[in-house]
Amino acid sequence: MDELKILAAEQRCELTAARQVDSDFDFAFQLQLQEAIAVSLSLQPSTSTSAPTPSPQPTLPQPDDGILKFTDVQSSELLQLEREIDDRKFSELEFRKMRDDLQRRIHDHHVAQEILRMPEDEWQNNGDNFELPFGEGTSKSEEKEPFRVYFKGLVEDFEAKAFFGGIGVAICDSRDELLFEMRKPFYGSAMSRQCIEFKALIEGLNAAMALDLKRVVFFCDYFPTFQFVTGRWSAKQRKVAALRNQVALLQKKFSFCQPSLVARNEIKFAFKLAREAMTTQIKKVAESAASVNVYETCAICFEDTNIGQIFSVDDCRHRYCVSCMKQHVEVKLLHGTVPKCPHADCNSDLKLDSCSNFLTPKLIDIMKQRIKEASIPVTEKVYCPYPKCSALTSKSEVLEYTKGSFLGAERLERLGIRKCTKCNGLFCVNCKVPWHYGISCNEYRRRNPNPPEDVKLKTLAATNLWRQCVKCNHMIELAAGCYHMTCRCGYEFCYTCGAPWKDKKATCSCKLWDEDYILDSDDEVDDDEDDDYDTDFDDYYELL
């Protein structure tokens, strides 16, 4: 880089000298031409006795403007090249400083952990002599917990057929402390949302590589991007396929690199950076239009949205744009939880009536199911044992329904017979099987100590490394990510040993990350790469 800068400076000096020499030669030529014209005029004979009229001085030819323009342009380009080299050297220096600072912070964190693990008596005896200099082992060792890469790509099409885009990247450590941020405007021809998201991801992974990070998790809020990078969908458009392949090559350069699908409010910092990058290129809509239409800035995507497209949470009155709320609800339903207000530390539940305006019918049914599951205590939940039904009810609800259908309800209650509120099938609430006619519950359990369905489920769970929640008995499969599991009932536990998590902290000493143990689904979805986000989610729910 230094040699290139020296070469550019020498060429610029040579160009300036050559221009000066050319100017001197041109000046000498002009003088010689002027003298030749003067001598030629003095040798001509006079044709009149009157005083000769002095001849006008000849006009000297001017230097070639084309040459001057060429030398000016070339000199300007060389000067710009020198500036770009200086800027690149400065950027590399800043990255080196950031990388050294990051290594030092990792080192300090490791030292603090070792001090916390040291027994109290050992610290009392050897604490004054304990030291772990930076650069000796821990500072250069590979980090145990992965760093977090948040990225966002935005693109907008305006009335003048102009496309503007912005890219935002934020890299944090495992405790979500910001290490690096980048905002970059995007110039070019028309680009789809999928492409700009991939470009933002590529910028984020390149920045992580420049910081010499070995283990990263990148967070996607856009569902198609997550499906492409996990291999569940195959890209049919050449541009999307090329960007996907570029991401795959970058992933191989890390010792650990996994995606994670999250709600949009969890990456709002990257949203802000991308929005700031895009607003550096464009102006806001005319103030006259703003005076007619009232706009409000969404706290997640930082976009000025018409107040008619702003969603207000019923209980807490926090306000976000409909697009962000729709994506937030979809992701939470996909994760098996009841959607709540995305505002930090706000536990207000989202009401079905309010959300039904922007959800598809299938998502409305799923949300009804999630709300019903959350409203019934774990000990009161009853599922219909018939495979074609599996309706969820509470013990009290199914008992009242049964009493209204039969006479002698007290005897039926003692026997444990119940009637499903959906399919009207009879089943035993004690044995959780279709009703066993003619025999008691004790006799049925004696004859069927290991029901075939339970044996099949346990065998399938052991084969696929599933885990069962000790609180609600739901089976959980780890698709990708860490071993910190959160069941749909809210219970948090370790996927390896089943120990509970308390206050977002593990109560066991198992590893949090182990890439060899993580399972990824190889299922592929036949996708026509339509940008309809609702259809994408519906297809994925059908798979689940």
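Remark: pairs (first residue in the range 368-383, in contact (Cβ under 8 Å) with a residue 24 or more places away in the chain; second residue open to solvent by less than 50 Å² (accessible area, probe 1.4 Å) and in a helix (DSSP H, G or I); Cβ separation under 7 Å; 6+ apart in sequence or on different chains) = Arg370/Leu333; Ile371/Leu352; Val382/Val398. Is there a residue in the range 462-474 that is closer than 30 Å to Phe218 by Cα, touching a residue at least 60 places away in the same chain (Cβ under 8 Å), crowded, with 16+ Cβ neighbours inside 10 Å and in contact with a helix residue (DSSP H, G or I) (Cβ under 8 Å, 6 or more places away or on another chain)? No, there is no match, as no residue in the range 462-474 is closer than 30 Å to Phe218 by Cα, touching a residue at least 60 places away in the same chain (Cβ under 8 Å), crowded, with 16+ Cβ neighbours inside 10 Å and in contact with a helix residue (DSSP H, G or I) (Cβ under 8 Å, 6 or more places away or on another chain).
For the residues Leu478, Leu460, the requirement of being in a loop (DSSP other than H, G, I, E, B), of a type in the set (A, V, I, L, M, F, W, C) and within 30 Å of Leu261 (Cα to Cα) singles out Leu478. Screening Ile267 against (1) in a helix (DSSP H, G or I); (2) in contact with a Gly (Cβ under 8 Å, 6 or more places away or on another chain); (3) within 21 Å of Ala299 (Cα to Cα) leaves a single unmet condition, (2). Candidates in the range 352-365 are the residues that are aliphatic (A, V, I, L, M) and more than 11 Å from Pro339 (Cα to Cα); of these, the one that is surrounded by the fewest Cβ atoms within 10 Å (Cβ to Cβ) is Ile364. Answer yes or no: is there a residue in the range 239-259 that is in the same structural domain as Glu156 (by the TED database), open to solvent by 30 Å² or more (accessible area, probe 1.4 Å) and closer than 23 Å to Ile300 by Cβ. There is no residue in the range 239-259 that is in the same structural domain as Glu156 (by the TED database), open to solvent by 30 Å² or more (accessible area, probe 1.4 Å) and closer than 23 Å to Ile300 by Cβ.
Checked against (1) among the acidic types (Asp, Glu); (2) at pLDDT 70 or above; (3) closer than 26 Å to Leu7 by Cα, Asp108 passes all but condition (3).
Asp349 - would you say it is surrounded by 13 or more Cβ atoms within 10 Å (Cβ to Cβ), of a type in the set (Asp, Glu), touching a Lys or Arg at 6+ places or on another chain (Cβ under 8 Å) and at pLDDT 85 or above? So Asp349 passes the test. Taking residues in the range 214-229 that are touching a residue at least 12 places away in the same chain (Cβ under 8 Å), and partners anywhere that are among the small types (Gly, Ala, Ser) and surrounded by 21 or more Cβ atoms within 10 Å (Cβ to Cβ), the pairs with Cβ atoms closer than 6 Å and at least 6 places apart or on different chains are Val216/Ala208. Conditions: (1) crowded, with 16+ Cβ neighbours inside 10 Å; (2) free of Cβ contacts under 8 Å to residues at least 24 places away in the same chain; (3) aliphatic (A, V, I, L, M). Ile202 meets all but one. Number of the miss? Checking Ile202 against (1) crowded, with 16+ Cβ neighbours inside 10 Å; (2) free of Cβ contacts under 8 Å to residues at least 24 places away in the same chain; (3) aliphatic (A, V, I, L, M), the one that fails is (2).
Could you please let me know if Glu92 is at pLDDT 70 or above, open to solvent by 70 Å² or more (accessible area, probe 1.4 Å) and more than 27 Å from Leu178 (Cα to Cα)? Spelling it out, it is not the case that Glu92 is at pLDDT 70 or above, open to solvent by 70 Å² or more (accessible area, probe 1.4 Å) and more than 27 Å from Leu178 (Cα to Cα). Of the residues making up the range 220-238, those that are surrounded by 22 or more Cβ atoms within 10 Å (Cβ to Cβ) and not in a helix (DSSP H, G or I) are Cys220, Asp221, Tyr222, Trp233.
On the given criteria, is Phe70 at pLDDT 70 or above and surrounded by 13 or more Cβ atoms within 10 Å (Cβ to Cβ)? Full working, then the answer.
Working: at pLDDT 70 or above: no; surrounded by 13 or more Cβ atoms within 10 Å (Cβ to Cβ): yes.
Spelling it out, it is not the case that Phe70 is at pLDDT 70 or above and surrounded by 13 or more Cβ atoms within 10 Å (Cβ to Cβ).
For Gly408, the conditions (1) at pLDDT below 90; (2) in contact with a strand residue (DSSP E or B) (Cβ under 9 Å, 6 or more places away or on another chain) all hold with the exception of (2).
Can you name the strands (runs of 3 or more DSSP E) wholly within the range 293-395 that have at least 1 residues being more than 30 Å from Ala479 (Cα to Cα) and not β-branched (Val, Ile, Thr)?
On the way: elements: 295-297, 304-306, 310-312, 319-321, 381-383, 392-394.
Fully inside the range 293-395 and qualifying: 295-297, 304-306, 310-312, 319-321, 392-394.
Of the residues making up the range 464-478, not a single one is of a type in the set (A, V, I, L, M), more than 21 Å from Leu334 (Cβ to Cβ) and at pLDDT 85 or above.
Within the range 380-390, can one find any residue that is surrounded by 14 or more Cβ atoms within 10 Å (Cβ to Cβ), closer than 20 Å to His436 by Cα and hydroxyl-bearing (Ser, Thr, Tyr)? Yes - at least one qualifying residue is present in the range 380-390. Checking each residue in the range 322-346 for being over 22 Å from Ile366 (Cα atoms) and either crowded, with 16+ Cβ neighbours inside 10 Å or not hydrophobic (A, V, I, L, M, F, W, C) (or both) picks out His343, Asp345. There is at least one residue in the range 431-444 that is surrounded by 12 or more Cβ atoms within 10 Å (Cβ to Cβ), assigned to a helix (DSSP H, G or I) and in the same structural domain as Thr393 (by the TED database).
The values are calculated or read from the model by the stated rules, or taken from the named source; none is laboratory data. Computed from a predicted model, the values in this text were never measured in an experiment. Using ideal geometry, Cβ is built from the backbone for each residue, glycine included, and neighbour counts are taken over all protein chains shown. For the accessible areas, the whole protein counts, side chains as well, though only heavy atoms, and no ligand, DNA or RNA atoms are used. Shrake-Rupley method; radii C 1.70, N 1.55, O 1.52, S 1.80 Å.
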